[in-house]
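The values are calculated or read from the model by the stated rules, or taken from the named source; none is laboratory data. Fair warning: this is a prediction, and the values are worked out from it, not measured in the lab. So basically every Cβ, Gly included, is an ideal-geometry build from the backbone, and we count neighbours across all protein chains shown.
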Amino acid sequence: MNPDFKPDDIERAAQAAWNARDAYRVNEDASRPKFYACSMLPYPSGKLHMGHVRNYTINDMMARYLRMKGYNVLMPMGWDAFGLPAENAAIDKKVAPAKWTRDNIADMKSQMQPLGLAFDWSREVATCDPEYYKWNQWFFLKMLDKGLAYKKTQVVNWDPVDQTVLANEQVVDGKGWRSGAPVERREIPGYYLAITQYADELLANVADPAAPNYLSGWPERVRLMQEHWIGKSEGVRFAFPHQIKDDSGHLIQDGKLWVFTTRADTIMGVTFCAVAAEHPLATHAAKNNPALAAFIEKCKLGGTTEAELALKEKEGMPTGLKVTHPLTNEPVDVWVGNYVLMGYGDGAVMGVPGHDERDFAFAKKYGIDILQVIAVDDESEYSYDHWQEWYADKQRGITVNSDNFSGMPYKVAVDAVAKALHAQGLGDKKTTWRLRDWGISRQRYWGTPIPIIHCPKCGDVPVPEKDLPVLLPEDLVPDGSGNPLNKSANFLNVACPTCGADARRETDTMDTFVDSAWYYMRYCCPDSHDRMVDERNDYWMPMDQYIGGIEHAVLHLLYARFWTKAMRDIGLVKFDEPFTKLFTQGMLLNESFFREDDAGKKRWFYPSEVEVQYDDKGHPVGAVSREDGQPVSLGGIEKMSKSKNNVVEPRDIIARFGADTARLFTMFAGPPDQSAAWSDSGAEGSFRYLRRLWNFGVKHADRIQRAGHHIEGLSAGAKDLRREVHTLLGQVSHDYDSLKYNTVVSGAMKLLNALEGAKLADTPADDAALREGVSVLLRGLYPAAPHIAHALWTDLGYAKVHGDLLDAEWPKVDVAALVQDEIEWVLQVNGKLRGSVKVPAAADKSAIEAAAVASPEFIKFSEGKPVKKIVMPPGRYLINVVV
């Protein structure tokens with residue numbers, strides 16, 4: 001073997017060996033237990049950073065370890081390739097998104113391969129491939145047949161300059177992030193998937209431990225996030241009657257303004273109602289009220305989510321309309337409120353300023369009456385001047401000033417109010433959900449075409465199955481003026497499949513969450529040309545371990561769960577939940593640096609572009625640009641992000657230290673489920689460890705290669721080594737099973753320390769102990785640093801006996817090796833540490849005491865004084881002699 005540690009040569013040779021035997025291709029094998037471990041597929045943005053390396057190394061360590069444990073392990077990789085970033089890049093670079101995306105896929109794959117990740121690339125999937133998105137379209141049509149997909153008008157963020165719908169995160173201060181134009185809320189037709197039909201099941205499996213498919217293998221905080229998003233609420237839906245008629249003389253909404261509330265106990269405190277800007281009552285009132293019409297148009301600017309509206313200042317305007325309180329028959333003013341969403345519930349809310357903090361602030365702002373109808377014992381007097389938290393306390397609250405409903409606690413009052421409303425035909429108890437059906441229509445180009453044809457005679461016609469996939473033309477270049485599909489005659493113009501008349505294709509494409517809702521199943525059978533999934537999916541799914549960021553804890557996981565249940569009910573799969581276990585890895589962090597210009601725009605610097613100044617404790621206190629020597633600001637430790645130029649690219653680290661160092665440090669930096677900071681010095685430390693390991697192998701190669709397997713007649717040093725090796729093996733095995741990969745690495749470091757410090761005799765038995773110890777170290781280290789482990793395993797002769805390290809059996813703890821012939825006791829004299837004493841493991845109490853008082857340390861420190869007593873605390877190898 002080469003006496004010099006050369007990571008590049010070692011890694012190239014190891015990967016050539018794995019590629020020659022196609023080592024990571026996996027097939028279904030009923031004779032072995034299966035394990036499917038999958039990382040969330042990346043968006044092909046072009047460059048990997050060390051945060052990616054950390055994520056994929058977690059998966060890789062799991063796969064390699066479990067393969068050694070006898071599992072048939074699948075670890076695939078693919079690309080979440082559709083989406084807006086490619087369109088934005090295409091506009092900037094004036095290239096087709098298809099070319100940009102495929103070039104990035106090739107580049108990112110080339111960056112992954114030097115890391116030695118055990119991906120089965122034969123199963124690679126790119127969601128922009130027609131062979132993949134054909135099944136998005138096929139399943140959409142199946143859901144359309146089953147009533148799980150439907151078309152309705154949707155409220156969207158519309159950029160009037162770019163002529164496109166914007167995601168909520170693309171609306172900044174009410175303006176389009178690219179154009180800067182005020183964003184409008186528009187109602188346009190779109191397709192929805194009926195995820196709400198599965199709300200009960202989706203909720204039960206994250207919220208009810210007694211549910212048959214409760215996701216006990218998921219982090220609690222992820223289950224809670226999903227539970228909150230689904231948002232089941234028990235309450236009362238009721239109507240405020242009215243006599244407001246439209247221009248044709250008909251009662252608007254049949255003369256009933258419907259609302260939903262979880263606080264029906266406060267119904268006697270209603271002093272106004274607020275409706276959304278798009279509500280029919282608002283539209284009616286605005287016809288003869290220019291100021292109200294202007295306010296309504298203002299309300300339509302900005303985002304459409306609860307989160308965004310929660311941050312906006314609450315504004316309103318009276319409509320001049322009145323509805324009737326259903327229990328008191330008193331008139332109630334109707335307002336338009338900018339905080340009410342038409343898409344949630346009935347687009348109207350009852351205003352109870354006395355017991356809702358938002359309504360209280362709204363009423364104070366506009367001079368609306370506030371009524372107290374809830375009291376809490378032992379609380380301060382109700383103040384109409386400022387809000388107090390107890391006003392909204394439904395656990396301790398008792399109704400007051402509420403006529404026949406006074407004196408009731410929350411649940412009793414809700415039941416009584418619901419009964420009274422039901423008797424009038426104006427309401428009843430109802431369960432509502434925060435969850436809304438999934439709108440999948442996107443007015444964008446780079447996505448899965450929705451397979452619908454619009455015919456002037458037949459209406460909306462599904463594309464026949466035989467004509468799938470509807471191919472997305474890949475040569476179009478967006479220019480920022482809207483969806484280029486609307487200008488592509490070759491795509492648009494088509495004959496109606498039903499009547500043959502001239503028709504046009506739907507130009508909306510599917511939300512990219514559709515692509516990621518089921519890709520992991522396609523990995524199981526990527527070459528299934530005639531079926532979406534086949535029996536191989538039944539073998540691998542449900543997935544045993546899913547790995548990804550906490551940022552996907554809600555939407556992606558929720559949509560994947562829904563998609564799985566829909567596939568089940570259409571007869572494509574036999575399981576209920578897709579992911580048995582979920583692991584959310586921590587982020588890799590790095591220092592960030594910026595300089596701000598006079599306009600407040602920040603320029604972010606790469607760490608390599610700055611020189612950092614430190615105080616005497618090693619804390620950064622300043623930095624200057626290497627280019628001009630001028631100061632730059634410290635941005636603090638941030639998640640590695642291309643937007644802040646604080647990424648560390650794996651190709652740079654591999655060039656300096658090798659792939660094994662890159663992998664090893666990202667695992668050693670901290671627990672995988674917690675964020676950890678990148679450190680050049682830490683990477684250098686990992687490199688030094690690997691070099692020490694290589695040098696140890698070189699130094700002891702001859703001894704290891706000639707060693708046998710018989711370990712009888714060991715020296716005391718060899719027994720000590722075996723005891724430490726098997727103790728550490730037990731710890732490392734436990735840490736692998738617990739995904740504590742940082743302590744796996746520290747365990748491997750301790751193993752090398754034990755081997756280096758072993759006092760071995762020059763005997764065949766001690767040679768065998770050394771050989772065994774190195775084999776345990778190499779197998780323990782291999783999942784984290786596979787290249788060097790493979791090279792040493794081969795060069796030191798293990799492969800000739802045990803086969804390739806890739807398939808070597810995971811070592812077992814030899815319990816006999818843990819048994820000690822002698823035990824070292826800590827010796828104290830009068831409670832002060834004075835040394836230690838070794839006694840036979842079988843020694844009784846009197847023998848241990850005799851050995852302690854006969855030891856040179858005791859004789860020295862007792863100064864000839866007689867022994868008063870000897871204390872031996874139970875469970876500790878400690879003896880304290882009191883003189």
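General observations
- Cβ-Cβ distances below 9 Å connect the following pairs, each with a first residue in segment 613-636 that is surrounded by 14 or more Cβ atoms within 10 Å (Cβ to Cβ), a second residue that is outside any strand (DSSP E or B) and not acidic (Asp, Glu), and a separation of six or more residues or different chains: 624/630; 635/644; 635/646.
- Looking only at segment 568-627, and only at residues there that are hydrophobic (A, V, I, L, M, F, W, C), under 33 Å from the mean Cα position of the chain (by Cα) and in a loop (DSSP other than H, G, I, E, B), the one that is farthest from residue 676 (Cα to Cα): 570
- Residues of segment 252-295 that turn out to be more than 18 Å from residue 432 (Cβ to Cβ), charged (D, E, K, R) and part of a helix (DSSP H, G or I), as a count: 1
- Among the candidates 688, 663, the residue that is modelled with pLDDT of 95 or more, of a type in the set (Lys, Arg) and surrounded by fewer than 23 Cβ atoms within 10 Å (Cβ to Cβ) is uniquely 688.
- For segment 668-686, residues that are in a loop (DSSP other than H, G, I, E, B) and in contact (Cβ under 8 Å) with a residue 60 or more places away in the chain total 8.
- Residues being part of a loop (DSSP other than H, G, I, E, B) and more than 23 Å from residue 243 (Cβ to Cβ) are represented in segment 359-369 by at least one member.
- Some residue of segment 37-60 being assigned to a helix (DSSP H, G or I) and more than 26 Å from the chain's Cα centre (by Cα): no
- Residue selection: residue 486 fails the criterion of being out of contact with any Phe, Trp or Tyr (no Cβ under 6 Å at 6 or more places or on another chain), farther than 30 Å from residue 176 by Cβ and either in the same structural domain as residue 89 (by TED's automatic domain parsing) or not aliphatic (A, V, I, L, M) (or both).
- Summed over segment 346-369, the residues that are surrounded by fewer than 21 Cβ atoms within 10 Å (Cβ to Cβ) and touching a residue at least 24 places away in the same chain (Cβ under 8 Å) give a count of 8.
- Only one of 391, 410 that is touching a Lys or Arg at 6+ places or on another chain (Cβ under 7 Å), closer than 15 Å to residue 269 by Cα, at pLDDT 95 or above and hydroxyl-bearing (Ser, Thr, Tyr): 410
- Selected residue [closer than 25 Å to residue 542 by Cβ and either at pLDDT below 95 or surrounded by fewer than 21 Cβ atoms within 10 Å (Cβ to Cβ) (or both)] from 219, 182, 189, 130: 219
- Filtered residues of segment 71-122 (kept if touching a Ser or Thr at 6+ places or on another chain (Cβ under 6 Å) and acidic (Asp, Glu)): 80
- So residue 597, is it surrounded by fewer than 17 Cβ atoms within 10 Å (Cβ to Cβ), more than 16 Å from residue 635 (Cβ to Cβ) and charged (D, E, K, R): no
- Restricting attention to segment 699-711, the residues being in a helix (DSSP H, G or I), crowded, with 16+ Cβ neighbours inside 10 Å and not charged (D, E, K, R) number 2.
- Selection within segment 415-472 - of a type in the set (D, E, K, R) and farther than 30 Å from residue 399 by Cα: 436, 437, 442, 444, 457, 460, 465, 466, 467
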